[in-house]
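Reading through the structure tokens given below for one structure.
Bear in mind that the values in this text are calculations on the coordinates, not laboratory data. Just so we're clear, the structure is a prediction, and the values are computed from it rather than from any experiment. When we count neighbours, we look across all protein chains shown, and the Cβ atoms used for this are built from the backbone with ideal geometry, even at glycine.
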Amino acid sequence: MDLSLNRQSKKSEKKHFSAGIIGSGPAGLTAAIYLGRSKIDTVVFEKIAPGGYIINVEKIENYPGFVEGISGQELGKLYVQHAKRFGAEIIDEEITKLELDKTPFITESSNESYTADSLIIACGSSSRKIGVPGEEEFIHKGISFCAACDAPFFEGENVVVVGAGNSGVQEALYISKFAKHITIVEFLDHPTCEPILLDRINKNDKIELLTSHTVVGFKGDKFLESVEIKDVSGGEIKPIKAKGSFIYAGEVPNSDLVKDKLELDKNGYILTDKHLKTSVKGVFAAGNVRDTTFRQVATAIGDGAVAAHEAYKYLEENK
Amino acid sequence: MLILFEKIGGKVGLISEQDKEYLKTEFSKNIKRKVQLLYFTDQEKESDYTVQTKELLEELVSLNDNLSLVIKNCDDEKSMKSENLTLCPSIKVKSERNGFMNFYGIPAGHEFTSFIEAINDMGGDNLPLSEDIIEDLKQIDKPIDIKVFITHGCPHCPGAVRNAHTFSLVNDNIKSSMVDANYFDKVSRENQVSSVPHIVINDKVNFTGNMPPRIFLDKIKEALK
């Protein structure tokens with residue numbers, strides 16, 4: 001039996017903090033560790049569960065120090081314990097509004113309002129929709145973005161996974177515990193996952209990799225029945241019978257909260273300089289939500305450390 | 001998040017000593033009245049699932065003197081009916097506080113969190129809802145039955161269960177149950193569940209996702225029309 005107990009505090013007595021961190025993924029919790037060690041009173045706001053996106057990942061194998069890999073849930077747990085050890089407060093409230101016009105900055109959830117002298121935005125990213133006919137209609141009716149949540153519903157069924165990057169391939173391996181057959185559809189002529197993952201899908205009889213094909217639609221009656229694909233070089237649309245489809249075709253930043261308050265790039269990622277400063281003084285960004293070239297747990301950790309260091313310097317300079 | 005991955009003899013997962021200490025502290029801080037865990041099970045058809053549930057509940061109630069466990073058979077139809085329960089196994093968290101917090105199936109995986117929260121809420125005075133939501137909930141004058149279908153691997157589900165359960169604290173007309181979608185697969189199919197959290201209100205309105213309390217409340221109002 002697996003038991004996951006979320007230990008964060010429910011309500012905070014404090015309403016003002018020197019540093020506020022929005023997002024409790026690897027970047028946010030690393031920043032909390034560093035700020036805590038600098039004796040900065042720090043709060044971390046988390047929306048779903050501490051750990052961020054990684055709690056959906058069954059096993060992380062490329063994070064140094066864990067030779068045999070570690071589950072995303074377990075790693076998230078360690079980050080929380082580590083951040084709390086150095087005094088960070090974790091509040092399970094979704095921040096729905098920010099006011100960055102003056103300091104202290106104001107952060108509001110549906111229940112409470114808090115202020116902070118500096119902020120680190122570490123909201124992460126979400127799976128990107130592919131924008132084809134039928135996608136919206138069949139989300140939650142066969143289409144899912146969370147294999148950990150929904151893979152068991154497709155026991156003995158055919159499933160299509162969209163995208164052969166690390167996420168798509170890793171999740172296909174997880175889904176293969178339940179599904180009868182999985183087709184991974186990738187529009188490039190090669191998968192972009194790590195070679196070690198490619199080896200694994202090649203050895204998995206349930207998984208078929210279809211490159212140079214793109215998903216052009218989802219069809220069904222009340223629920224998904226087939227995924228329509230097409231060769232990128234042309235040709236006819238072909239249906240793949242499938243009751244489930246999991247989409248891992250890139251990410252979108254969770255930057256809605258700051259879209260009119262911070263400078264973003266054309267894809268919505270928060271623009272930062274090399275110090276991870278944003279367009280507002282005293283506000284920093286870290287992890288998948290900012291404009292960076294490679295989004296991994298390891299890179300998010302580095303971002304968290306840099307952002308915390310810079311936030312600390314900012315707080316010292318503006319005492 | 002604290003996660004326990006203990007498999008003892010491949011059979012039962014028990015609470016680690018570290019977590020027991022944490023829960024003891026939390027319970028002693030939050031629980032101010034007697035809380036009963038009423039577990040309905042089919043004792044003649046025991047499975048790993050029901051045995052593990054019983055062992056988990058026994059461990060939990062040993063952590064605080066205000067907690068108690070009552071085990072009943074699901075064939076005790078009179079008791080099931082008086083508790084407004086329709087599926088077996090089920091765990092109802094009860095106290096003198098108003099509220100209907102029920103779990104159809106084992107509250108394991110991520111749902112262990114919502115189970116602990118239900119115990120703390122039933123034993124304490126906490127009400128994590130804003131004043132305007134509370135006022136709106138008080139206005140509901142017809143029965144509302146909420147089922148929140150979950151899977152144990154779903155990190156989004158405990159939030160939906162918690163919302164539904166805390167709504168029941170405000171108004172006696174609201175009854176809320178978590179439903180393990182995999183264990184109760186027939187019920188899941190009947191309710192067309194293919195993604196979680198999947199919420200069904202009065203068998204009339206359904207939606208998927210952990211929505212903020214205000215949107216959840218709007219769905220309840222929709223079910224009342």
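Here are some notes:
- Computed from Cα positions, the angle between helix A:166-175 and the longest principal axis of chain A comes to roughly 60 degrees.
- Once the Cα gyration tensor of the protein assembly as shown is diagonalised, semi-axes √(5λ) in Å: 35, 32, 22
- Remark on the range A:129-249: hydrodynamic radius 13.9 angstrom, per the Kirkwood mean of 1/r across alpha carbon pairs.
- Projecting the Cα atoms of A:GLY72, A:SER127, A:GLY302 onto the charge dipole of the protein assembly as shown (Cβ charges, centred on the Cα centre) puts A:GLY302 farthest toward the positive pole.
- Amide H contacts of A:VAL44: A:ILE21, A:GLU89, A:ILE90, A:ILE91, each under 5 Å away and 5 or more positions distant or on a separate chain (H built 1.01 Å from N in the peptide plane; Pro and chain starts excluded).
- Residues whose amide H comes within less than 5 Å of that of B:TYR104, counting only those at least five positions distant or on another chain, are B:ILE91, B:MET178, B:VAL179, B:ASP180 (H built at 1.01 Å from N in the peptide plane).
- Looking at the range A:196-271, the chymotrypsin sites (Phe, Trp or Tyr not before Pro) that sit in a DSSP loop and have at most 16 other Cβ atoms within 10 Å of their own Cβ are A:PHE223.
- Unmatched cysteines, chain A - criterion: no other Cβ of a Cys under 4.7 angstrom: A:CYS123, A:CYS193
- Among A:LEU100, B:PRO212, B:HIS198 the positive-end extreme of the charge dipole of the protein assembly as shown (Cβ point charges): A:LEU100
- Nearest-ten-degree value, helix A:297-317 long axis tilted from longest Cα axis of chain A: 20
- For chain B, convex hull of alpha carbons as volume per residue, Å³: 123
- Listed pairs A:LYS84/A:LYS277; B:LYS81/B:LYS138; A:LYS259/A:LYS281; A:LYS203/A:LYS238; A:LYS84/A:LYS319; B:LYS24/B:LYS81 exceeding 28 Å between Cα atoms: B:LYS24/B:LYS81
- Angle between chain B longest axis and helix B:213-224 axis [Cα atoms, degrees, rounded to 10]: 60
- Along chain A, longest interval not containing exposed GluC sites (Glu not before Pro), exposed being DSSP loop plus at most 15 other Cβ atoms within 10 Å: A:156-235
- The range A:259-319-the range A:136-191 distance, computed between alpha-carbon centres (Å): 32
- The mean number of Cβ atoms from other chains found within 10 Å of a Cβ in peptide A:44-55 is 3, as a whole number.
- Placing unit charges on the Cβ atoms only, positive for Lys and Arg and negative for Asp and Glu, gives the range A:129-249 a dipole magnitude near 240 debye about its Cα centre.
- Gyration tensor (alpha-carbon) shape descriptor, the range A:265-319, a/c threshold 1.5: oblate
- Cα gyration tensor category, rounded, prolate or oblate, for chain A with a/c compared to 1.5: prolate
- Cα centroids of the range B:71-144 and the range B:15-37: 18 Å apart.
- For chain B, the longest site-free run once GluC sites (Glu not before Pro) in DSSP loop states with at most 13 other Cβ atoms within 10 Å are removed: B:97-225
- Note on B:GLN43 and B:SER130: the extension gain reaches 27.1 nm, defined as 0.36 nm multiplied by sequence separation minus the Cα-Cα distance.
- Counting only the Cα atoms, the range B:82-196 fills a convex hull of 108 Å³ per residue.
- A simple count of charges around A:PHE187, restricted to other residues whose Cβ falls under 12 Å of its Cβ and scoring Lys, Arg +1 and Asp, Glu -1, yields -2.
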